[in-house]
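Structure first, then comments.
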Amino acid sequence: MQVSSLNEVKIYSLSAGRSLPEWLSDRKKRALQKKDVDIRRRIELIQDFEMPTVSTKIKVSRDGQYIMAVGTYKPRVRCFDTYQLSQKFERCLDSEVVTFEILSDDYSKIVFLQCGRFVEFHSQHGHYYKTRIPKFGRDFSYHYPSCDLYFVGASSEVYRLNLEQGRFLNSLQTEASESNVCDINPVHFLFAMGTAEGKVECWDPRTRNRVGLLDCALSSVTADTEIEGLPSISALKFDGALNMAVGTSTGQGKIFTSMEPEHDINDVCLYPNSGMLMTANEAPKMNIYYIPVLGPAPKWCSFLDNLTEELEENPESTVYDDYKFVTRKDLENLGLAHLIGSSLLRAYMHGFFMDIRLYHKAKMMANPFAYEEYRREKIRQKIEETRAQRVQLKKLPKVNKELALKLIEEEGEEQQSSKKRKQKNLPSLLKDDRFKVMFENPDFQVDEQSEEFRLLNPLVSKISEKRKRKLKILEELEAQGQEEEEEPEGKASDAESSESSDDEKGWVEEVRKQRKLLRQEEKLKRQERLKEDQQTLLKPQFFEIKEGEEFRSFKDSAKKQKLMKKSLEDRLKLEEKLGTLNVSDTTVGSKQATFKLKKSEQQRKQQEAEKRHRQERKTLRRSASHLKSRRGRGRLFH
């Protein structure tokens, strides 16, 4: 696997190396792999990922399972299954394909735009229908809501073919003489097309009117740029609802990274939601590249992530380590502009590659004092390394200064241990926005004099004393503005080791000491309260009783206080005797307690009145029934 790097972006070529012919036996293949290192190190992601002569276009289905490529000779389309990592089928066509589009999620519906103005439709079984457009086409896009195909090409018109009705609709008339590319936004379905004049026209398919015009050619040309001819639009792609990327034929734009294969590139396809790139070239083999900066590896080849991580841990020399990339302006500054066109410079993108040794020699001649600058830089680096052991003046927050200093010290220790273990450093709490308020709001100040803090952290006192001393030194240095004052000397290593061993023994003593101090403080507080109570004079207070309530003595409150002092078991027993509580065993084996709430005086009186009323009604009913029975007996006797 070949690794290249430009602008600190690593590119892994997964198709580098020689491919073995199919007719070789397994025994010969194994023998070749033993002899040839390049064959042994090569990676073959998809078996026979190539065309007979040339590949022109390559695309991925929406479900990500199928990769389809077209090429020559003879004109054909090949479908590769990523689940099986091999070729699924191959179909031959009547003429060469300019471009194609996969309309379905899989390979069941495909449209091909061919050289002879033909538009060919394929279904899952094969060829389905063929029609022709008036002018030669260069690109097309599919509008899903209306089932319309928009064709652009060597004409000012945009042809529309409706697949539901099966007929051509009225075309869109543009201001461009010719159009090169087009695309439809997947969110709001805006149609955009790039023209040969360097403009981008945007159309609304609902109203069939132009809604915007961008002059990219005019904005891409500045005073510093040198161009040959008018920059026409050669690439166009939407990214979400609001973003759009535009490429020009002259190559204006900021370069992220670049790759230069052995043969010319006809098409580039990015696998969705990953860092994998596939290219169709003027050669039988189709190249596959993996750029981890763009995204992770696809699910069907997830092992690439582990492979690249191992290569990063054991770095090897990259392809361009012996060469230096320079622009035309750099060559003029070095006085090497006369080498343009010679074998010492290799043209690449917007500049040239030159031998790194030649570059250093030319730089030494152009700037003879470069060695002195290099020497000063090295001395400065050495001084900074020695200063690393000194006090680093950092602005501590206003709130929880000691906690911030503790976190800084722990962060330094973690960085040293992570360097030894080759692990990634964890993010600091001081830089985390979630804990920002902890060092800004005084309400979050840690109270070190509280009982909980002193009992839970008995050994913090010794460490906090050291930290307080260091904090005092830092504040003095900040006040004086002395940045180079060294840290005060600490104890010897023997004293530190004995101190660490004494910490375990002195932990119990420290806890006892803290408890003793807390008891003394509580005793002092009680004495102060008693003095305050003695000094205060008690005055008689009068309370008003509400209407309908009877006065009771203060004995009830005293009873309640006594009851509250009793344990839960005693209170439950008392309530069980009074009848307000019922405790019973359940079938599971646990206890079940049922409480009866105490009623107020008004509720009790109301219930008693209702009870008397019910008794009176019962007596009335009985007397009435007794009279009826006597009357009935009298009638019988008559």
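Per-residue surface analysis assigns residue 360 an accessible area of about 100 Å², computed on protein heavy atoms at 1.4 Å probe radius. Estimated from the Cβ-Cβ distance and a Förster radius of 51 angstrom, the FRET efficiency linking residue 95 and residue 357 is about 0.50. Which length gain, in nm to one decimal place, applies between residue 340 and residue 202 when the Cα-Cα distance is subtracted from 0.36 nm times their residue separation? Computed gain between residue 340 and residue 202 is 45.5 nm. Annotation: average projected area of the stretch 125-259 is 10.7 square nanometres, based on the convex hull of Cα atoms across all directions. Placing a pseudo-label 7 Å from each Cα along the Cα-to-Cβ vector at residue 309 and residue 562 gives an inter-label distance of 7.3 nm. Between residue 25 and residue 603, the simple label model (points 7 Å from Cα in the Cβ direction) yields a spacing of 10.0 nm.
For the full complex of protein chains and a 1.4 angstrom probe, list 268, 98, 200 by accessible area with the highest value first. Provide the component values of the computation, followed by the final result.
Working: 268 85, 98 45, 200 0 Å².
Sorted by accessible area, descending: 268, 98, 200.
Since only 236, 255, 289 are under comparison, the one whose Cα sits farthest along the positive direction of the charge dipole of the stretch 222-310, derived from C-beta charges on Lys, Arg, Asp and Glu, is 236. Rolling a 1.4 angstrom probe over the protein heavy atoms with all chains in place gives the stretch 26-141 an accessible area of 53 Å² per residue. Placing R0 at 41 angstrom, the Cβ-Cβ distance between residue 578 and residue 449 gives a FRET efficiency of 0.30 after rounding to 0.05. Taking 23 Å as the limit for the C-alpha separation, the pairs 285/324; 29/285; 406/436; 57/130; 28/88; 74/130 exceed it in the case of 285/324; 28/88.
In this structure residue 620 has an accessible area near 120 Å², from a 1.4 Å probe over the protein heavy atoms. For residue 153, the residues whose amide H sits under 5 Å from its own are 138, 179, ignoring neighbours fewer than 5 places away on the same chain, with H placed 1.01 Å from N.
At full extension, residue 365 and residue 189 could sit 57.5 nm farther apart than now, given 0.36 nm per residue minus the alpha carbon distance.
Rank these by accessible area, largest first, 1.4 Å probe: 453, 435, 444. Mind dumping the intermediate values first?
Working: 453 50, 435 75, 444 110 Å².
So the residues, ranked largest to smallest area, are 444, 435, 453.
Extension gain for residue 123-residue 413 works out to 98.0 nm (0.36 nm per residue, less the C-alpha to C-alpha distance). In this simple spin-label approximation, residue 213 and residue 47 carry label points 7 Å from Cα along the Cα→Cβ vector, and these lie 5.6 nm apart. What FRET efficiency comes out for the pair residue 333/residue 382, r = Cβ-Cβ distance, R0 = 30 Å, nearest 0.05? About 0.50, to the nearest 0.05. Over the stretch 186-297, the Kirkwood radius and the radius of gyration, each from Cα atoms, give a ratio Rg/Rh of 1.01. Remark on residue 283: its backbone amide H falls under 5 Å from those of 55, a criterion applied only to residues 5 or more positions apart or on other chains, H modelled at 1.01 Å from N. Ranking 374, 289, 142 by solvent-accessible area of protein heavy atoms (1.4 Å probe, all protein chains present), from largest to smallest, gives 374, 142, 289.
Once all protein chains are placed together, residue 56 keeps about 40 Å² accessible to a 1.4 angstrom probe.
The values are calculated or read from the model by the stated rules, or taken from the named source; none is laboratory data. Keep in mind it's a predicted model, so treat the numbers as computed, not measured. All Cβ positions, even for glycine, are placed from backbone atoms using ideal geometry, and neighbour counts span all protein chains on display. With ligands, DNA and RNA removed, areas are computed over all heavy atoms of the protein, side chains included. Shrake-Rupley method; radii C 1.70, N 1.55, O 1.52, S 1.80 Å.
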